[in-house]
1. Please enumerate the residues belonging to the stretch 51-89 that are assigned to a helix (DSSP H, G or I) and either open to solvent by 100 Å² or more (accessible area, probe 1.4 Å) or within 30 Å of residue 106 (Cα to Cα) (or both).
2. Just give me the residues in the stretch 434-452 being within 30 Å of residue 358 (Cα to Cα), open to solvent by 20 Å² or more (accessible area, probe 1.4 Å) and in contact (Cβ under 8 Å) with a residue 60 or more places away in the chain, in sequence order.
3. Can you tell which of 280, 288, 243, 294 is free of Cβ contacts under 8 Å to residues at least 40 places away in the same chain and hydrophobic (A, V, I, L, M, F, W, C)?
4. Going by what's in this entry, would residue 350 be described as within 20 Å of the chain's Cα centre (by Cα), modelled with pLDDT of 95 or more and buried (at least 19 other Cβ atoms within 10 Å of the Cβ)?
5. Go through (1) under 26 Å from residue 430 (Cα atoms); (2) assigned to a helix (DSSP H, G or I) one by one and return the number of the condition residue 402 breaks.
6. With the condition kept exactly as written, say whether any residue in the stretch 132-141 is closer than 29 Å to residue 281 by Cα, under 29 Å from the mean Cα position of the chain (by Cα) and either of a type in the set (Val, Ile, Thr) or surrounded by fewer than 17 Cβ atoms within 10 Å (Cβ to Cβ) (or both).
7. Residues of the stretch 370-406 being more than 17 Å from residue 464 (Cα to Cα) and not hydroxyl-bearing (Ser, Thr, Tyr), which ones?
8. Only residues that are open to solvent by 10 Å² or more (accessible area, probe 1.4 Å) and more than 23 Å from residue 121 (Cβ to Cβ): list them for the stretch 153-164, please.
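The values are calculated or read from the model by the stated rules, or taken from the named source; none is laboratory data. The model shown is predicted, which means the values in this text are computed figures rather than measured ones. Here the Cβ positions follow ideal geometry from the backbone for every residue, glycine too, while neighbour counts run over all protein chains shown. Protein only, heavy atoms only, side chains kept; ligands, DNA and RNA dropped before computing areas. Shrake-Rupley method; radii C 1.70, N 1.55, O 1.52, S 1.80 Å.
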Amino acid sequence: MASGQQWVLVEMVQAFYEAPAYHLILEGILILWIIRLLFSKTYKLHETYKLTEKEKEDLIEEWQPDPLVPPVSKDHPSLSYDVVTGPPSHKITINGKECINFASFNFLGLLDNERVKQKALASLKKYGVGTCGPRGFYGTFDVHLELESRLAKFMKTEEAIIYSYGFATIASAIPAYSKRGDIIFVDEAACFSIQKGLQASRSFIKYFKHNDMEDLERMLKEQELEDQKNPRKARVTRKFILVEGLYINTADICPLPELVKLKYKYKVRIFLEESLSFGVLGEHGRGVTEHFGVDIDDIDLISANMENAVASIGGFCCGRSFVIDHQRLSGQGYCFSASLPPMLAAAAIEALNIMEEDPDIFTVLREKCQHVYKALQGIPGLKLVGVQFAPALHLQLERSSGSRDSDMQLLRTIVDYCLERRVALTLARYLEKEERFLPSPSIRVVVTIEQTEEDIQKAVSCIQEAASAVLK
């Protein structure tokens, strides 16, 4: 035993002599560093100083809290209102002046329709003003169930669910299905309500370039490779593609047939937001699926608001029954908000009646959209953004001044110029610090079936005059 220990010691000494010099120096430095760490103090004691009562009072008096919100200029456009009196239908009275309305999303002219108003009035007398309760707490009225049934029938789906607030519809639907760890592929031009739904879902978000199917497929392929590396995780990770039918921020249409092909190729689900295309596209106004002739069962969930073409309030989702029923348990806007006032549900039902009885109104709207699109081409200093069948187009500056505020002011001057001449337009507004991809400043021009040839000509001439005067 003793001889064995001596032999080990001899080997250690021999190794020490044979080791390179740099190796010995490095080991020596490490040993010294370890010794220093062992014997050095982990903290230094500082001399404490007790404040007197007078000093404490002075410090408290001098302290100023940070402002609750950042300072905002009193002349900020959001703090000054153009006040509307009367219904915002074909003619709208703004600040006491009657104008032709190219600003309100009353695409089918149903907002001031007599039949719709009479149904709403009869419902008001029967049920009262509101509901004072969510759907699960005595907030479900027979008229709600009728509207859901009618929407499902209109869209040719198994079931529909209604929300009392349009913005909350898709913002509630997304987190009802997609959770932490799931993956959502989203178009960069997605509207703000979609962005809020993405945030609430806490899912992993991947943005693809607007309407760029090559970029989307590249991302899907990359995800497929990742899934192959970890198949166990892939089996429990849900994947979604989320797009708008007609994009409100760009006024163009999603390439739905290509998206459906990618859905089946890469085994993902499609959520389709149709607030701008519902009641607009398709022979019967059923939206982008009807427009492209895509089987509606190929879409896992469709959502839309009822605040545009239907001229009511709230929104709806439709699809297969087992998908929709899940929202009745986990859709936040459905479970926790007071349900839709019955008079607005009755108004929406009557609007659907009119849409079903007279599908020619969709043809009329498309013709008006094409006419306005053609008339707005070639205005000096402005470029038209959107497709020819979009009912809400954008006019942007051909050349930016380099400052977003300056661009907004130029466009605001054009809007004010037209308003003075009794043509109502509006600026597209965004929460600039909240938007994931902030759209360029623009004037929004909204088309409705009520606008006449004379109205359209007057509006276009007015915009041309304004652009010539302002954009010199």
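1. If the condition is that a residue be assigned to a helix (DSSP H, G or I) and either open to solvent by 100 Å² or more (accessible area, probe 1.4 Å) or within 30 Å of residue 106 (Cα to Cα) (or both), then 53, 54, 57, 60, 61, 62, 77, 78, 79 are the ones that fit.
2. The answer is 444, 449, 450.
3. 294
4. So residue 350 fails the test.
5. Looking at each condition in turn, residue 402 falls short on (2).
6. Looking for residues that are closer than 29 Å to residue 281 by Cα, under 29 Å from the mean Cα position of the chain (by Cα) and either of a type in the set (Val, Ile, Thr) or surrounded by fewer than 17 Cβ atoms within 10 Å (Cβ to Cβ) (or both), one finds none in the stretch 132-141, hence no.
7. 370, 386, 387, 388, 389, 390, 391, 392, 402, 404, 405
8. 153, 156, 157, 158, 159
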